[in-house]
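Here's the structure, in structure tokens; my notes come after.
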Amino acid sequence: MEKTVAIELKGITKVFGDVIANKNVDLELYRGEILSVLGENGSGKTTLMNMIAGIYFPDEGQIFVDGKEVVIKSPKDAFAHKIGMIHQHFKLVDVFTAADNIILGEKCPKFDVKQEAERIRAEHEAENKAFEEYKPEEHTGVLSYMKAPKFHKPSETKRKIAALPFVKLGRAMKFNWLARHRADEVQKIANKFGFQIDLKKKIYDMSVSEKQTVEIIKVLYRGADILILDEPTAVLTPQEIDKLFEVLRNMKAHGKSIIIITHKLNEVMEISDRVAVLRKGEHIATVNTSETNEQELTEMMVGKKVSLNIDRTEPHDAKDRLVVSGLTALNEEGVKVLDDVSFEARSGEILGIAGIAGSGQRQLLEAIAGLYKVKSGEITYNDPNNEDKPVDLRSKTPLQIRNLGVRLSFVPEDRLGMGLVGNMDLVDNMMLRSYRKGFMFLDRKSPKKLAETIVEELEVVTPSTHTAVRKLSGGNVQKVLVGREISSAPTVLMAAYPVRGLDINSSYTIYNLLNEQKEKGVAVIFVGEDLDVLIELCDRIMVICAGKVTGVVDGRTANKNDIGLLMMGKSSEENEAADNETQAIKEDGIDE
Amino acid sequence: MSNMKNSARTLKEAKEPLFHLVKRQQISTGKAWAIRIGTIIFSILFISVLTSIVFRESPFEVIKYMFEGAFGTNLRVNVFFRDMSILLIIALAVTPAFKMKFWNIGAEGQVLISAYLTIVCMYYLGGKVSNGALIVISLLAALVGGMAWAVIPAIFKALWNTNETLFTLMMNYIALQIVLFSIKVWMPAGSGQLAPLPYGNLPHIGGGDYVTSIIVAIIITLFLFVYMRFSKHGYEVAVVGESQNTARYIGINVPKIIVRTLALSGAICGVAGFLIAAGIDHTVSIDTVGGRGFTAVLVSWLGQFNPLAMTVMSFVVILLTIGTTNVMVNSGVANDFFAEVSTGVAFLIIIICEFFIRYNIKFRKRVENDHPAVPDNQQQAELQEGGTAHIEDENEIGSEEVE
């Protein structure tokens with residue numbers, strides 16, 4: 001098949017202040033292919049795509065669509081060139097149905113009053129003529145009177161024409177929105193590409209995956225031939241990812257070109273035809289997926305050889321350090337965010353927590369840390385410095401917990417909003433944990449020493465220890481936070497999404513730190529989103545779904561699919577049933 | 001690595017906006033202050049030119065009148081420093097709350113209620129107890145009043161998250177009405193003004209009523225400087241202001257800090273009210289504070305919540321107010337409308353300068369370079385580290401402007 005170029009980028013450069021986000025990037029996208037744009041966080045993937053989608057304007061360089069140079073100044077321009085982007089954060093109106101979200105913002109077709117008047121006049125004249133020629137005796141069916149032409153009085157024609165400006169106004173104000181059949185067009189598109197979705201459902205009732213589907217249909221509805229998906233799999237379960245990929249392949253078969261931004265290698269290998277690798281804003285290479293492998297891609301991405309193995313040692317002398325039983329908590333609306341959660345975290349072991357984002361992971365860790373109100377249940381800490389004497393942690397404030405001698409460290413999900421103070425420098429951030437020591441006045445000497453140690457040992461890139469942490473990159477911010485939390489020699493270390501947004505090297509630094517703590521006999525609780533990492537790193541993995549524990553699996557024997565199903569709240573028996581069902585569907589498909 | 005295609009590089013001058021606003025990565029404190037001082041001088045020049053155009057005087061004349069108004073005679077110097085120190089004390093009072101992002105605009109009411117309570121003590125106890133005892137009692141009453149007016153909104157904020165700005169504003173009106181009511185009670189007939197009371201007045205140190213105010217202002221400035229920068233309390237205030245979540249996370253009792261800080265704020269307002277009532281006016285009216293509670297907000301912001309910088313700013317603000325009034329008097333204008341207009345213009349210029357300290361305006365480069373200024377790989381790697389933070393900054397432009 002002859003390949004035709006859909007989009008070509010030539011020498012695209014974008015600079016933000018002193019930072020070069022993209023430098024002289026050349027890229028081609030063919031019709032009917034899936035191109036992965038691969039790169040670490042901060043490598044300029046999203047910036048580059050935003051320039052195609054009209055969010056940013058390139059400082060330099062040219063964009064060609066179908067061989068013609070184009071100027072894309074706004075998302076509107078992008079749509080005019082049939083380019084649509086599905087952003088990482090969905091932009092939907094919660095109280096509208098899926099269909100309404102999709103047709104929202106649609107331009108009303110041109111409405112020319114004069115032309116329309118002509119049309120009505122001609123129509124009425126034709127009907128009047130038909131009326132005159134109509135002979136009732138020739139039509140004898142029961143319902144024939146319904147088909148009979150009607151006579152339009154001149155006054156009626158006049159009235160209709162006089163009303164036209166108001167019709168135009170109504171169209172402009174989108175009163176046509178109230179039409180009952182407005183979703184039909186949308187449904188057609190959904191059927192064409194094999195989306196399974198109820199278009200009458202309200203957005204607030206939808207899962208993340210359904211919302212994403214709505215976004216994709218929206219873009220297709222506007223006639224996009226080139227779709228850009230920004231990290232579409234980040235929020236999906238393995239099963240949902242499979243479903244998404246199925247749809248993407250379907251769209252490809254219909255001749256659409258798709259760009260998918262990602263930093264997950266296995267997905268790149270699975271879905272894409274070609275891979276473009278970006279590193280530090282530069283385009284490194286574009287390769288055919290079939291001619292490469294994960295190791296090679298990683299090296300291109302990082303720029304040097306990296307080993308992607310996490311070594312996992314056997315836990316020794318594991319004792320129950322933290323025991324949670326029957327923990328239930330409500331959110332502000334009175335909905336259960338934690339429902340009868342029971343588990344134990346053991347010393348010298350990493351306990352992973354898997355689940356769809358927002359299943360209660362944050363609330364669970366905050367409840368243990370004394371930051372979230374608990375309705376019922378027990379949280380018990382077995383104090384290793386006191387012959388494992390149980391200490392009740394329930395409904396204690398963080399200060400009370402610390403005063404009890406419990407060495408609980410917590411790396412929260414929101415690094416700059418909770419773990420650190422963005423506008424303060426490294427020294428003052430170190431002081432957060434220690435400032436209470438001494439009388440009246442602050443001691444900045446030991447925090448400064450600690451900051452210097454962390455900068456040195458964890459290789460934090462910072463101009464000085466007096467730089468505001470907000471100005472550091474994600475990876476360095478995380479090193480500062482984890483470094484501080486580890487420095488207090490914890491016995492329990494909780495980390496929520498500690499590698500989110502980090503590049504590969506920083507991620508591995510964090511994994512190694514967690515492993516080191518495990519070796520030291522710390523009970524580590526690790527909330528993660530990348531199932532591959534969870535399976536490689538953790539000794540046990542607890543899966544939660546909508547605030548309930550749906551299963552605890554052994555990290556050494558776990559498989560991704562099982563965890564995925566547990567994440568959606570299906571027990572293993574149901575799994576089998578579901579498997580059978582899929583099997584049946586597949587067979588049905590074959591029959592057809 | 002990258003295959004340079006110079007032919008493909010074209011500048012898109014016509015299609016891009018003329019300039020960008022770029023958030024400054026880093027600006028040295030010295031440079032920022034140089035810009036601020038420069039702006040202040042510019043704003044004085046600007047309003048003198050403005051005034052000279054309106055009143056057909058030479059701009060130099062105007063500037064001369066301005067400084068004469070402030071420092072022309074001994075009495076004027078006296079008044080200048082007295083007003084400046086009172087304004088500075090009120091500005092210092094609101095600062096800890098602002099540092100905590102508690103937008104207290106109730107300094108007006110807090111000062112007024114404490115001045116009022118001072119007068120209440122003088123009115124009812126005057127002549128019955130010794131002067132010394134009366135001063136102590138009225139100081140205590142002033143402190144309690146100022147604190148109450150600040151702590152009540154703080155408690156509501158801490159427990160029920162009410163809007164502190166509206167709450168403190170309403171507290172101002174309550175204080176105002178209490179004063180109006182009391183004056184009606186004390187002076188049922190006549191001018192409706194309370195004559196200065198002869199009891200419980202602060203002794204004049206060094207022959208003028210300004211010296212006490214200056215001494216108190218210096219003490220409070222130094223105290224607050226140390227408190228904010230080197231004490232645990234100050235650190236806690238900063239953490240709560242930056243992020244309440246972080247504060248909770250490290251075990252700070254947020255409601256306690258809010259109430260404690262506002263108690264301090266109110267107490268300092270109490271001192272200001274006491275100085276005004278017992279030291280200067282010896283009476284109270286609804287004009288006792290005369291908007292200084294609001295001007296203090298401006299001083300605190302312009303001084304970047306730094307007590308030492310606020311000293312400079314209160315100097316400038318008083319110079320502008322007194323100076324422009326004197327210009328009006330010398331121009332034979334009976335009212336101070338134009339004085340207020342020109343002071344407002346000057347403040348506006350000073351506030352706008354903050355925007356330019358935060359953002360850099362970059363005009364489109366017209367030079368067609370072969371290569372943009374691309375640093376070598378090493379440097380670029382370092383730049384990239386800060387990359388994400390910077391891009392976020394770019395997005396913040398809209399929200400930052402609101403401040």
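Brief remarks follow.
- Ranked list, fewest to most other Cβ atoms within 10 Å of each Cβ, for A:Leu493, B:Leu159: B:Leu159, A:Leu493
- Theoretical gain in end-to-end length, A:Phe111 to A:Asp414 [0.36 nm per residue, Cα-Cα removed]: 104.0 nm
- For the range A:1-104, GluC sites (Glu not before Pro) are listed when DSSP marks them as loop and at most 13 other Cβ atoms sit within 10 Å of their Cβ; the list is A:Glu2.
- Computed about the Cα centre, the dipole magnitude for the range A:70-119 is approximately 240 debye when only Lys and Arg (+1) and Asp and Glu (-1) carry charge, each at its Cβ.
- Other-chain or far-sequence residues with amide H under 5 Å of A:Val411's (modelled H): A:Met494, A:Ala495, A:Ala496
- Cα-based Kirkwood hydrodynamic radius, the protein assembly as shown, one decimal, Å: 34.0
- Proximal lysines to A:Lys158, defined as alpha-carbon separation beneath 17 angstrom and excluding residues fewer than eight positions away on the same chain: A:Lys114, A:Lys150, A:Lys168
- Cβ-derived FRET efficiency at R0 45 Å, B:Arg76 paired with A:Glu378, nearest 0.05: 0.05
- Distance between modelled label sites at B:Ile286 and B:Ser58, nm, 7 Å Cα→Cβ extension: 4.5
- Computed helical MRE - 222 nm, chain A, DSSP H runs ≥ 4 contributing -39500 (n - 2.57), nearest 500: -11500 deg cm²/dmol
- Least to most buried among B:Thr73, B:Thr165 (fewest other Cβ within 10 Å first): B:Thr73, B:Thr165
- Assigned charges on the beta-carbon of Lys, Arg, Asp, Glu; the range B:75-318 dipole about Cα centre (debye): 400
- Ordering A:Met85, B:Ile178, A:Ser409 by the projection of their Cα atoms onto the charge dipole of the protein assembly as shown, which places +1 on the Cβ of Lys and Arg and -1 on the Cβ of Asp and Glu, puts B:Ile178 at the extreme positive end.
- For the range B:75-318, the share of alpha carbon pairs falling in successive 5 Å distance bins from zero is 1, 7, 14, 18, 19, 16, 11, 7, 4, 2, 1, 0, 0 percent.
- When +1 charges are put on Lys and Arg Cβ atoms and -1 charges on Asp and Glu Cβ atoms, the dipole computed for chain A relative to its Cα centre reaches about 2700 debye.
- Amide hydrogen neighbours beyond the local backbone of B:Asn360, cut-off 5 Å, H modeled: B:Val22, B:Lys23, B:Arg24
- Sequence of A:Met494, B:Met170 once ranked by neighbouring C-beta atoms within 10 Å, starting from the fewest: B:Met170, A:Met494
- Sparse-neighbour loop sites [trypsin sites (Lys or Arg not before Pro); the range A:2-57; at most 15 other C-beta within 10 Å; DSSP]: A:Lys3
- Whether the range A:312-412 is rounded, prolate or oblate, judged on the alpha carbon gyration tensor where a/c under 1.5 counts as rounded: oblate
- Inter-site label distance for A:Lys158 and B:Met170 at 7 Å from Cα along Cβ, in nm: 6.2
- Overall, the anisotropy analysis places the range A:392-549 in the oblate class: the square-rooted eigenvalues a ≥ b ≥ c of its C-alpha gyration tensor yield a/c not less than 1.5, with a/b not exceeding b/c.
- Dipole orientation for the range B:75-318: of the candidates B:Leu264, B:Thr168, B:Ile215, B:Leu264 has the Cα lying most toward the positive pole (charges on Cβ; Lys, Arg +1; Asp, Glu -1).
- Rounded if a/c under 1.5, otherwise prolate or oblate - chain A, Cα gyration tensor axes: prolate
- Sparse packing (at most 11 other Cβ atoms within 10 Å of the Cβ) combined with a DSSP loop state is found for none of the chymotrypsin sites (Phe, Trp or Tyr not before Pro) in the range A:355-411.
- Peptide A:417-424, shielding by other chains (average Cβ, 10 Å cutoff): 6
- FRET efficiency, 1/(1 + (r/R0)^6) with R0 56 Å, evaluated for B:Ser28 and A:Asn403 via beta carbons: 0.85
- Phi to ³J(HN,Hα) by Karplus 6.51 cos²θ - 1.76 cosθ + 1.60 over the range B:275-280, Hz, x for Gly, Pro: 4, 5, 6, 7, x, 10
- Annotation: amide H-H contacts under 5 Å for A:Asn22 (H modelled 1.01 Å from N, sequence separation of 5 or more, or interchain): A:Lys14.
- Placing a pseudo-label 7 Å from each Cα along the Cα-to-Cβ vector at A:Phe131 and A:Val247 gives an inter-label distance of 5.0 nm.
- In terms of distances greater than 25 angstrom between alpha carbons, the cross-link table entries A:Lys264/A:Lys305; A:Lys68/A:Lys188; A:Lys373/B:Lys232; A:Lys211/A:Lys243; B:Lys99/B:Lys157 yield A:Lys68/A:Lys188; A:Lys373/B:Lys232.
- Just so you know, the Cα atoms of the range A:495-548 work out to an Rg and Dmax of 11.5, 34 Å.
Here, each number is a calculation from the coordinates, and none is a lab measurement. As the structure is a computational prediction, the values presented were derived from the model and not from experiment. Positions of Cβ are backbone-derived with ideal geometry, glycine not excepted, and every protein chain shown enters the neighbour counts.
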